[in-house]
Amino acid sequence: MENQEAKSPPWDIFIHLFALIALYLSIYAVVELLFSYIALAFPDPLDWQWYRPHETIRWSLAFLVIFFPAYWWSWRQIEGDLAANPGKRRLRVRTFPIYLTLCLAGLLILCDLAYLVYYFLDGDLTVRFLLKVGALLAVAAGVMWFYLTALRREPGSMPALTVAFVWCATVAVLAIAVAGFATTGSPFKIRLARLDVKRIDDIAAIFRHVRDYAREMNQMPTTLDQVASAGYMDGKPPVDPETQAPYEYRVTGPGSIEICADFQVAQDAKSIKEAYYADMASYQHGGNLMEGDWAHGAGHFCFSRTVIVGRHPNSVSSAPAAAQAPQPKP
């Protein structure tokens, strides 16, 4: 049967191309997830301030959840077709994607080892870097071994070692995906955290407008409507994005104000920056959010800031005060 001429219908081209693309995107997602886990476990102070490991984990997890099952399905389709038609074993539509994958996996391993040698010679070997090298090497070597055995074995039932590898790889991918869900948290909690970041953005804008009003008008505004009517805000004062209730604003001294809101989850400065920089539109004015310390707890929370009244800051300090402890609702 294998010596008979096998035909390659359009389905074969589709399923092999589909499997190839799904495989590469799955590998990309796995490597990105592993790198992100390593980055969280071993943070590097040289990372850029807008690096967002949790955002990378969410994107990679989305790709893995979709494309790995797609690859599994297409691979099973190819294996079943080869078992029924052994003559297709040597068709170029099957062998070309395998040889291409082997070539890319081999080049990836060589580049990985070259980076390892370079950083060794540069004296910059760290645990973080070694773990990334090991993760990339393990993924590339596993893919290469799997497809080398696929070229050598006969169509039909797979050897026990290949079956064990397939199940171990599947379990490993599932574990990586579960770790991603555990790291990023539930989608519901993420939405609440983003609503809180929007509240922080509004409060930062309120503080900035009040500061400008006090400097230009030489007096402290008693209400936010007073600031808006003077043209320092675009329309009405911002309100809570979820309840549409106005933010609490009050003057607490000759040069100090307090702005309060109800927050859903506790966030530190790092998580606020990461969530804020995840929106590239917000990144354009990210400096407004970074003025002062915006870490907060869950529930009713107030921020105190000092404001310079007038254009001569000799009497009042402009340094922001530290965030107060959560205030109970009246």
On a full-extension model of 0.36 nm per residue, what is the gain between residue 170 and residue 107, subtracting their alpha-carbon distance, rounded to one decimal in nm?
20.3 nm
The stretch 10-185 - charge dipole about Cα centre, Lys and Arg +1 at Cβ, Asp and Glu -1, debye rounded to 20:
640 debye
How much length, in nm to one decimal, is gained on full extension between residue 269 and residue 79, taken as 0.36 nm per residue of separation minus their Cα-Cα distance?
63.3 nm
On full extension of the chain, what length is gained from residue 91 through residue 160, given 0.36 nm per residue of separation minus the C-alpha to C-alpha distance?
22.3 nm
Go through the stretch 26-32 residue by residue and turn each phi into a ³J(HN,Hα) via Karplus (6.51, -1.76, 1.60, θ = phi - 60°); whole Hz please, and just put x for glycine and proline.
5, 4, 4, 5, 5, 5, 4
Among GluC sites (Glu not before Pro) in the stretch 165-259, those in a DSSP loop whose Cβ has at most 15 other Cβ atoms within 10 Å are 242
Residue order, fewest to most surrounding Cβ atoms within 10 angstrom, among 33, 113
113, 33
Can you find, among 175, 80, 164, the residue farthest towards the positive end of the dipole of the stretch 10-185? Put +1 on the C-beta of Lys and Arg, -1 on that of Asp and Glu.
80
What does a probe at residue 148 reach in the stretch 158-202, counting residues whose amide N is under 15 Å from the point 7 Å along Cα→Cβ?
162
Residues whose placed amide H lies under 5 Å from that of residue 248, excluding near-sequence neighbours
260
Just the ratio, please: alpha-carbon radius of gyration of the stretch 10-185 over 2.2 N^0.38 Å, N its number of residues.
1.14
Using Cβ contacts closer than 10 Å as the measure, can you line up 27, 78 from fewest to most?
78, 27
7 Å from Cα along Cα→Cβ at both residue 28 and residue 218: what's the point-to-point distance in nm?
6.1 nm
Exposure proxy check on 190, 200: fewest-to-most Cβ neighbours within 10 Å is 190, 200
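Rule-based calculations on the coordinates, nothing more; no lab input. What you are looking at is a predicted structure, and each value in this text was computed from that prediction instead of being measured. Note that we place each Cβ from the backbone using ideal geometry, even for glycine, and neighbour counts take in every protein chain shown.
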